[in-house]
Amino acid sequence: MTMLKNAPAEAVPHTGPPIRRRARGRGLRALTYAGLVAAAAATLLPFIWMLLGSFKTQGELLRRPLTWWPKDPILSNYTTWFTDHGIGQFFVNSLVVAVVTVLGNLLFCSMVGYALAKMEFPGKRLLFLVVMLTLMVPGVVTFVPLFVMVSKLDLVNTYPGLILPFLVSPLGVFLMRQFMLGIPQSLLEAARIDGAGEFRTFTRIVMPLCGPPLATLGILTFLSSWNNFLWPLVAAQSEEKYTLPVALALFSTGQHATDYGLLLAGAVLIITPIIALFVALQRYFIQGVAGTGIK
């Protein structure tokens, strides 16, 4: 009896709670994936509708109930942009304005960000405060003063008039400063000990390390410039200087009716370069956003 009492009890595997936890984890994972798929579908549906609608006739677009797939696909909505409206000139205008604006922001925002992050000078904190306050000012507040300034300089209906007001952005300065704060000061001091000046330190040491934030700033600036509508509508006063969004609004919307097929085809032509740019630089964009702490 004594030996039976002292004998160790046979271990019974206890698998209930771990199994329930694994099942609960799989359930949460499935719900997460389902939510992501639903969100992706809700995001993509307007683009799918736009793409399919660009191949429909005006009558089919206005027909009720709505149809997704075009019954008689047409290409005339696209060919009209190239043959009747000369979209090539508008594309060149948008490309020139966007590329020069991007290059200006990459250069000037990087220089100001470097000065605010790594240099000491009187009024540094005040200058950074001004940059932060500028971020809070809506664009419509400065719209009229900017146009008056451009008009006084006789730059209306010119490329400089479309570009100069946007060559530097406070968001770009903030983004570059935040990233450059993470660059070790010892690296810059070593370059200065070797005889490098500030400009050489900036171009040879700092800028090669700023690939992700530069890509992020480039994408954001290109997107903003490419989609800008109100300023080119006012500053470009002839068809020779119209950008794509202005041409899309003016040529697809008539006095009494809107050509929805032409509108959708133009929208597809406008967003295609943006999607291609983001796909090409998405890895750097994600790194830049994560590295600068922008939410």
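The values are calculated or read from the model by the stated rules, or taken from the named source; none is laboratory data. Fair warning: this is a prediction, and the values are worked out from it, not measured in the lab. Note that we place each Cβ from the backbone using ideal geometry, even for glycine, and neighbour counts take in every protein chain shown. What goes into the accessible areas is simple: the full protein's heavy atoms, side chains included, and nothing from ligands, DNA or RNA. Shrake-Rupley method; radii C 1.70, N 1.55, O 1.52, S 1.80 Å.
When we screen 162, 129 for residues that are aliphatic (A, V, I, L, M), in a helix (DSSP H, G or I) and open to solvent by 50 Å² or more (accessible area, probe 1.4 Å), the only hit is 129.
For region 239-272, which residues satisfy the criterion of being polar (S, T, N, Q) and open to solvent by less than 30 Å² (accessible area, probe 1.4 Å)? Within region 239-272, 243, 252 meet the criteria. Selection over region 192-210 of residues that are modelled with pLDDT of 85 or more and open to solvent by less than 60 Å² (accessible area, probe 1.4 Å) gives a count of 7.
Just give me the residues in region 141-157 being open to solvent by 60 Å² or more (accessible area, probe 1.4 Å), of a type in the set (Val, Ile, Thr) and more than 16 Å from residue 170 (Cβ to Cβ), in sequence order. Correct list: 144, 148. Would you list the helices (runs of 4 or more DSSP H) that sit entirely within region 22-118 and hold 3 or more residues that are buried (at least 18 other Cβ atoms within 10 Å of the Cβ)? Once the helices (runs of 4 or more DSSP H) in region 22-118 are filtered for at least 3 residues that are buried (at least 18 other Cβ atoms within 10 Å of the Cβ), what remains is 76-83, 87-118. Among the residues of region 171-180, is there at least one that is under 22 Å from residue 128 (Cβ atoms) and outside any helix (DSSP H, G or I)? No, because not a single residue in region 171-180 is under 22 Å from residue 128 (Cβ atoms) and outside any helix (DSSP H, G or I). Summed over region 223-276, the residues that are over 22 Å from the mean Cα position of the chain (by Cα) and part of a helix (DSSP H, G or I) give a count of 12. The residues of region 178-219 that are aliphatic (A, V, I, L, M), in contact with a Phe, Trp or Tyr (Cβ under 7 Å, 6 or more places away or on another chain) and within 25 Å of residue 274 (Cα to Cα), listed by number, are 215, 219.
Do the conditions hold for residue 208, that is, is it free of Cβ contacts under 8 Å to residues at least 24 places away in the same chain, more than 30 Å from residue 54 (Cα to Cα) and of a type outside the set (Phe, Trp, Tyr)? For residue 208, the condition - free of Cβ contacts under 8 Å to residues at least 24 places away in the same chain, more than 30 Å from residue 54 (Cα to Cα) and of a type outside the set (Phe, Trp, Tyr) - is met.
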